[in-house]
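Taking it in order: structure first as structure tokens, then the write-up.
Just so it is clear, none of the values below were taken in a lab; they were calculated from the coordinates. Treat the numbers as computed from the prediction; the structure is a model and nothing was measured. FYI the Cβ positions are ideal-geometry reconstructions off the backbone, even for glycines, and counts take in every protein chain you see.
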Amino acid sequence: MKKTNKKILEEIIRVDHAGERGAIKIYEGQLLALKTFKQDENLKKQIEEMKEHEKEHYEFFDQEIKKRNIKPTKLLPLWDLLGVGLGFGTAMLGKKAAMLCTASVEEVIDVHYKSQTYKLEGDEEELKNKIIKFRDDELHHKDIAYESGATKDGLYGLLDKIIKTSSRIAIKVSEKI
């Protein structure tokens, strides 16, 4: 049985740990805006449900970080701050922007998780299966976002590009640092 390269394995777990924590922070920022300035109970409920999935994903990768003695990205405090800011800002722009934030991030994560499954060898079947399951959860979040009004029309298209580019940069940096 082929073994997964240790460096690749560490990068996968480090970046997924950071990404799932980042998703929680985005949702926390959105919920902060919804609880203080914007009153939308339906949106709040949807975001709380998606946040619960992200917590499940984060807890898995947090255990993997500890179990395998992998150092998390040194940029977690920065990602936390940026995640809360992105979530707060998109929720303040309204439901379409908040849902676009979810859709944009999940579209990047879809490709990211799928590519990771090709890098994992037979010795990491459990990790691979978790990533496949989490990818399915993220695709479901994307579907919810579009059903709830996410759009790329007009200036939302620019917001989509900014969120996707930022997400891709965060992934690349978190794999290495």
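For segment 138-177, just say rounded, prolate or oblate: build the C-alpha gyration tensor, square-root its eigenvalues into a ≥ b ≥ c, call rounded for a/c under 1.5, and beyond that prolate if a/b exceeds b/c, oblate if not. Since a/c reaches 1.5 but b/c is at least a/b, the shape of segment 138-177 is classed as oblate. Each Cα pair of segment 102-177 feeds into the Kirkwood radius, which the Stokes-Einstein equation turns, at 20 °C and 1.002 mPa s, into a diffusion coefficient of 159 µm²/s. Pairs exceeding a 18 Å alpha-carbon distance, out of Lys25/Lys164; Lys114/Lys164; Lys114/Lys152: Lys114/Lys152. By the helix-only formula, in which each DSSP H run with n ≥ 4 contributes -39500 (n - 2.57) and the sum is divided by residues, the chain has a 222 nm mean residue ellipticity of -29000 deg cm²/dmol. Along the axis of the charge dipole computed for the chain (Cβ charges of +1 for Lys and Arg, -1 for Asp and Glu, origin at the Cα centre), the listed residues Leu75, Ile47, Leu127 are led at the positive end by Leu75. Taken one residue at a time, the phi angles of segment 23-30 give Karplus couplings (6.51, -1.76, 1.60, θ = phi - 60°) of 4, 4, 5, 4, 5, 4, x, 5 Hz. Gly and Pro are set to x.
Based on the convex hull around the alpha carbon atoms, segment 33-125 presents an average projected area of 7.3 nm². Computed about the Cα centre, the dipole magnitude for the chain is approximately 720 debye when only Lys and Arg (+1) and Asp and Glu (-1) carry charge, each at its Cβ.
When the C-alpha to C-alpha distance is required to be over 32 Å, the pairs from Lys71/Lys161; Lys44/Lys176; Lys44/Lys119; Lys38/Lys130 that qualify are Lys44/Lys176; Lys44/Lys119; Lys38/Lys130.
With Rh defined as the Kirkwood radius, the inverse of the mean 1/r over Cα pairs, the Rg/Rh of the chain is 0.98. In whole angstrom, note down how far apart the Cα centers of segment 102-158 and segment 71-92 are. What the calculation gives is 18 Å, centre to centre. For Glu125 and Lys7, a Förster radius of 25 Å and the Cβ-Cβ distance give a FRET efficiency of 0.80, rounded to the nearest 0.05. From least to most packed, judged by other beta carbons within 10 angstrom and beginning with the fewest, Ser166, Ser148, Ser104, Ser115 follow the order Ser115, Ser166, Ser148, Ser104.
Remark: spin-label model distance Leu158-Lys35 equals 3.2 nm, labels positioned 7 Å along the Cα→Cβ axis. Length gained on full extension, Glu56 to Ile177, computed as 0.36 nm times the residue gap minus the Cα-Cα distance: 41.2 nm. Residue by residue, segment 126-141 carries 3J(HN,Hα) couplings of 5, 4, 4, 5, 5, 5, 4, 5, 5, 4, 4, 4, 5, 5, 5, 4 Hz when phi is fed to the Karplus relation 6.51 cos²θ - 1.76 cosθ + 1.60 (θ = phi - 60°); x denotes Gly or Pro. For segment 24-100, the list of trypsin sites (Lys or Arg not before Pro) that fall in a loop by DSSP and count at most 14 other C-beta atoms within 10 angstrom reads Arg68, Lys74.
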